[in-house]
Amino acid sequence: MAAREEAAAAAAAPPRAQEEKVGVDAPTSSALLDLCNLPSSASAAERQSRLATLRSWCVDHPEAMAQLLVSLEHRDRKTGCMPLHWLAGTGFDEAIELVLNHVDEHELDVSVDQHAHHPSTHRTPLHYSARNGHLSTCQLLIEKYGAHPHPKCGNGSVTPLQLAVWQNRLPIVQYLVERNGTHVAHERNGFNCGLHHWIGLVPKKRWGGDNPCVDGGDGSGAEVLPLARYLHSLGISYESTPDNCNTQGHTPNHKAAWGGNIPLIQYFRDEHSVYDTVQDAAGNYAADIAKMRKNMDVHRWFLEHGSGDRAESYKTLGLEVGADIDTVRKMYYELARTHHPDKLEQQSDGDEKKEDSADDFVRIKAAYEHLAKEGGIGKQKNPKYDELKLLENHKRISDAAGNGASDNGDLFVARLIAVISDYGDDGFPVSLIARRWNQIWPDRPFPTEYVTERTARCSKEDGSAGTMVVRKKVKLLKWLKWRCKGTPVYFRNIDGVTLAFDGSKTRVMQEAEE
């Protein structure tokens, strides 16, 4: 493939390309991309060696370099990136200057905001330098070569600022905010995600940022807090409100649950009074999201320390969240004496006041038992994944479809509908069903082999008529259609993506309209 590309490039080159010097071999696509992909461990000597090779290519083979820098055919096939993106992503500033000066000298059609191609559609060099933490490269691109300081890529309108937050690059975040103004910190991308969502998704390997062990950090995730506080100083809110949700209904708490950063979640609770009280569009609490991600320590933390139930129990007793058990017990006895029904009988107050006080006693007793006997454990759980709810749906499916329903004892279709409903009326991608299923019910994994069965007529050895079961391995979609025959589940191909839908919701809506 590389040889054909080089032959095509040579054939397309102007006649004067044949007059190029031959002091060094002409560059190829792979050779140039390899040179631009400077390892982070590269020594000064290696940088100079690569720079010398690049300079030789620019001087001795300008026409070949023009093709490699400009032509879509010479992009990196895996990422869709051109050489300039690789240089920016690795922070090879000297090479960037050499290439952009070469571009100006030969008037090539290459912009400092050159767009990458699929799958990195429209990402610019600044996207990569910001994401990978090269502050000097960001400054070079913007201040010397006039790069757009806030470009948006074609897939979701993601910006360099958002990528810098995602990778916990505080110095670059500060620089980009200073260059663009604080208003950019409040923008949302095509998925309605803002910086308050991105910070929860900082991967564990980037929790330490570029300066580990700051803010008391020990690799536990606390190193993300300086960035969180800086964003809050710009007016960014971490509250679990409808305005703070993305298109999936995820709050900052949901995203942090997925990212698994307990210190960040605790910061949301302690400094912003954020508890796990809000369900996303699919009905999931943050605790559910953590469990799907297999962040079981985060799941336990939400139940033990982050539930709204726990906070409400403390509030009922008039205590600060986290008060020790002795304080809880002392306050309970004090309140119980005041509101106990036996004491109310001795009072001459009106019946209405007695009734209110009796209700208070019930609430006080329930709050105490929740904290003292149950440890204040929360009960956050998406109700549609509960076994009882699945059984109800199973009965509904069976009653609606009669004997034709194939939702047998394993509640397969009921579980499938619970998964499909995560995307509401938009349909759930068939290719993602197994992954989501296994996140919700890891102890009941989705099948890995898809075999259909049908009964066929046959002749027995004695010549009499009989039947036999014919089994056949098929692909996922065909198997799903077989399993869901006679149920409300149906499938549609929309814009090249096969989606699964719950038809019972459509019927309910139609009946309501009638």
Q: With a 10 Å radius around each residue's Cβ, average the other Cβ atoms per peptide and rank 66-75, 125-134, 99-108, highest first.
A: 125-134, 66-75, 99-108
Q) What is the sum of charges around Leu201, taking Lys and Arg as +1, Asp and Glu as -1, for the other residues whose C-beta is under 12 Å from the C-beta of Leu201? A) +4
Q.
Output wanted: per-residue J couplings in Hz (rounded whole) for region 112-125, from phi through Karplus 6.51 cos²θ - 1.76 cosθ + 1.60, θ = phi - 60°, x for Gly and Pro.
A. 5, 9, 3, 8, 6, 10, 3, x, 9, 3, 6, 6, 9, x
Q. Would you list Glu178, Glu449, Glu97 from the most to the least accessible area, probe 1.4 Å?
A. Glu178, Glu449, Glu97
Q) Check Val489: other-chain or 5+ apart residues with amide H under 5 Å from its amide H, H built from backbone geometry? A) Gly503
Q: Between beta-carbons, use under 14 Å as the cut-off and find the net charge around His250, counting Lys and Arg +1, Asp and Glu -1.
A: -3
Q | Positive minus negative residues near Cys36 (Lys, Arg vs Asp, Glu; Cβ under 11 Å) | A | -1
Q) Amide H to amide H under 5 Å from Gly376: which residues, 5+ apart in sequence or cross-chain, H placed 1.01 Å off N in plane? A) Leu371
Q) For Phe191 and Leu234 in the same chain, what is the full-extension length gain: residue separation times 0.36 nm, less their Cα-Cα distance, in nm? A) 13.3 nm
Q | HN-Hα J in Hz across region 375-386 - Karplus 6.51, -1.76, 1.60, θ = phi - 60°, x for Gly and Pro | A | x, x, 5, x, 10, 5, 6, 4, x, 6, 8, 5
(Q) As a test question: what accessible area, to the nearest 10 Å², does His272 have when a 1.4 Å probe is rolled over all protein chains in place? (A) 30
**Q.** Translational diffusion of region 122-169, µm² s⁻¹ [Kirkwood Rh, Cα pairs; Stokes-Einstein; 10 °C; 1.306 mPa s]
**A.** 152
Q. Residues with amide H under 5 Å of Phe446's amide H, sequence separation 5 or more or different chain, H placed in the peptide plane at 1.01 Å from N; which?
A. Asn438
**Q.** Gained length - Lys373 relative to His183, 0.36 nm times residue gap less alpha-carbon distance
**A.** 63.5 nm
Q: Rank by packing, highest mean first: peptides 477-487, 166-176, 259-269, with packing defined as the count of other Cβ atoms within 10 Å averaged across residues.
A: 259-269, 166-176, 477-487
Q: Note down the magnitude of the dipole of region 46-125 about its Cα centre, charges +1 on Lys and Arg C-beta and -1 on Asp and Glu C-beta and zero elsewhere, to the nearest 20 debye.
A: 480
Q. Which order do His299, His85, His183, His232 take by accessible area at a 1.4 Å probe, largest first?
A. His183, His232, His299, His85
Q.
At 1.4 Å probe size, what's the solvent-accessible area of Glu143? Round to the nearest 10 Å².
A. 110
(Q) Please state the shape class of region 143-251: rounded when a/c is under 1.5, otherwise prolate if a/b exceeds b/c and oblate if not, all from the C-alpha gyration tensor. (A) oblate
**Q.** Percent accessible area from carbon and sulfur atoms, region 205-333, protein chains only, probe 1.4 Å
**A.** 47
Q: May I ask you to evaluate 6.51 cos²θ - 1.76 cosθ + 1.60, the Karplus curve with θ = phi - 60°, for each residue of region 151-158 and list the ³J(HN,Hα) values in order in whole Hz, giving x for glycine and proline?
A: x, 10, 6, x, 9, x, 6, 6
Q) What's the extension gain from Lys330 to His272 if we count 0.36 nm per residue and subtract their Cα-Cα distance? A) 18.1 nm
Q. Any idea of the accessible area per residue across region 119-230, 1.4 Å probe, to the nearest Å²?
A. 39
Q) How many percent of the alpha carbon pairs in region 38-183 exceed a separation of 18 Å? A) 56
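The values are calculated or read from the model by the stated rules, or taken from the named source; none is laboratory data. Just so it is clear, the model here is predicted, and its values are computed rather than measured. Positions of Cβ are generated from backbone atoms using ideal geometry, with glycine treated the same way; all protein chains shown enter the neighbour counts. Areas reflect the complete protein model, heavy atoms only, side chains present, ligands, DNA and RNA absent. Shrake-Rupley method; radii C 1.70, N 1.55, O 1.52, S 1.80 Å.
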